[in-house]
Amino acid sequence: MTFFEVINSAIADFLKHGFDDVNRLDRWLLQIKLSAHAHLMSEREMQQKMEKALHTAFNRLVTKNGLVSKDVSKYDVTKLSGKLRAELDRRIIASANLIKDDREQSIRMVLRRFEGWATAIPAGGTKIKPTPKEKARIKKGMSDIAFRQRRVIIDQTHKLISNINDIVAVDNGAIAARWHSHWKQMNYDYRKDHKERDEKIYAIRDSWAVKEGYIDPVNGYTDDITSPGEEVYCRCNYVYLYHLRQVKDLLTKKGLLALQSPKNT
């Protein structure tokens, strides 16, 4: 039987007999647990999908020069390849733990909700059937697992991209970063504080411009707030800024004078 067939059979059995024997409950909990494991994508298969997505993003950015721009050369990226590869490996390890935890949490949720419902049925059963909403609540955690698994892959990939961009930008002299939120995107469940950060420029604390006193961190530093992608399912990103002319609103008097220098124009 499929997972949903097992759940429906368990519900029917308790409607008929009620909570009259703890052994009955234990038997059904075991069957539900086994069928749930069979229903879910295996940890190995999920991990393979995760690693494929992460490697694809890494290759696009690092191997195929996706990070190269007027401010970042191919050489700049190549010299960081070891550090970037370590970030990829770190993300793969983190995702493996996340996959396992999410899988077990989903199964525990179903078992807990079924047990809570079943133990409330009086011995001898009842003719009052659970509503479709009640049934959906018992099954919740499994019915949307495929959607959540896809979201986990997208989320971990975004975290990798965000961290790689940060490593390359800071190493190549970025002085600030402009926060970009996707709050205008339809159906995106954005965070209110992330929307409020949209288009704000945050100084990078140890950048050369800060050390020279050219920048006044009006909005604070990047390390004062959570990073894009750091919080679960956050899809925000930074646009990194390298030149004084890009941060005119943050410049001190000393910075404005420095901006007049030919090398900064």
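The values are calculated or read from the model by the stated rules, or taken from the named source; none is laboratory data. The structure displayed is predicted, hence computed values, not measured ones. A quick note on method: Cβ atoms are made from the backbone with ideal geometry, for glycine too, and the neighbour counts reach across all protein chains shown.
Here are a few things to note about the model shown:
- Selected residue (criterion: modelled with the highest pLDDT) from residues of segment 185-207 that are among the acidic types (D, E) and within 25 Å of A94 (Cβ to Cβ): D193
- Against the criterion of being part of a loop (DSSP other than H, G, I, E, B) and without any contact (Cβ under 8 Å) to a residue 40 or more places away in the chain, K133 does not qualify.
- Identity of the residue in segment 78-114, in contact with a Gly (Cβ under 9 Å, 6 or more places away or on another chain) and β-branched (V, I, T), that ends up farthest from K64 (Cα to Cα): V110
Listed here are the residues, each with its yes/no results for (1) under 30 Å from A123 (Cβ atoms); (2) more than 25 Å from the chain's Cα centre (by Cα); (3) of a type in the set (F, W, Y).
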position: M1; (1), (2), (3): yes, yes, no
position: L25; (1), (2), (3): yes, yes, no
position: L40; (1), (2), (3): no, no, no
position: E51; (1), (2), (3): no, no, no
position: L67; (1), (2), (3): no, no, no
position: Y75; (1), (2), (3): no, yes, yes
position: R91; (1), (2), (3): no, no, no
position: E104; (1), (2), (3): no, no, no
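- The residue that is surrounded by the fewest Cβ atoms within 10 Å (Cβ to Cβ), counting only those in segment 164-181 that are under 17 Å from the mean Cα position of the chain (by Cα) and not assigned by TED's automatic domain parsing to the domain that holds I225, is D166.
- Some residue of segment 146-154 being in contact with a strand residue (DSSP E or B) (Cβ under 9 Å, 6 or more places away or on another chain), buried (at least 18 other Cβ atoms within 10 Å of the Cβ) and not polar (S, T, N, Q): no
- Residue in segment 73-91 that is at pLDDT below 95 and closer than 30 Å to D13 by Cβ present: no
- Pair list, Cβ < 7 Å and 6+ apart or interchain, from segment 30-52 residues that are at negative phi to residues that are part of a helix (DSSP H, G or I) and charged (D, E, K, R): L40/R103; E43/K100; E43/R103
- Residue satisfying condition, being acidic (D, E) and at pLDDT 90 or above, within set D144, D155: D155
- Check on I99, in the same structural domain as A146 (by TED's automatic domain parsing) and either surrounded by fewer than 16 Cβ atoms within 10 Å (Cβ to Cβ) or touching an Asp or Glu at 6+ places or on another chain (Cβ under 9 Å) (or both): yes
- Residues of segment 115-127 include at least one that is more than 30 Å from Y240 (Cβ to Cβ), assigned to a loop (DSSP other than H, G, I, E, B) and either modelled with pLDDT under 90 or not assigned by TED's automatic domain parsing to the domain that holds D21 (or both).
- Strands (runs of 3 or more DSSP E) contained entirely in segment 146-265, each with at least 1 residues that are free of Cβ contacts under 8 Å to residues at least 60 places away in the same chain and not hydroxyl-bearing (S, T, Y): 176-180, 201-203
- Some residue of segment 208-217 being buried (at least 16 other Cβ atoms within 10 Å of the Cβ), within 28 Å of V152 (Cβ to Cβ), of a type in the set (V, I, T) and at pLDDT 95 or above: no
- Here D26 passes the criteria (1) touching a residue at least 12 places away in the same chain (Cβ under 8 Å); (2) closer than 16 Å to W117 by Cβ; (3) among the charged types (D, E, K, R) except the one numbered (1).
- Residues satisfying the criterion are absent from segment 153-161 (criterion: in contact with a helix residue (DSSP H, G or I) (Cβ under 6 Å, 6 or more places away or on another chain) and either closer than 30 Å to H17 by Cα or of a type in the set (G, A, S) (or both)).
- Within segment 19-42, the residues that satisfy the criterion of being more than 11 Å from V6 (Cα to Cα) and exposed (fewer than 13 other Cβ atoms within 10 Å of the Cβ) are D21, V22, N23, D26, A38, S42.
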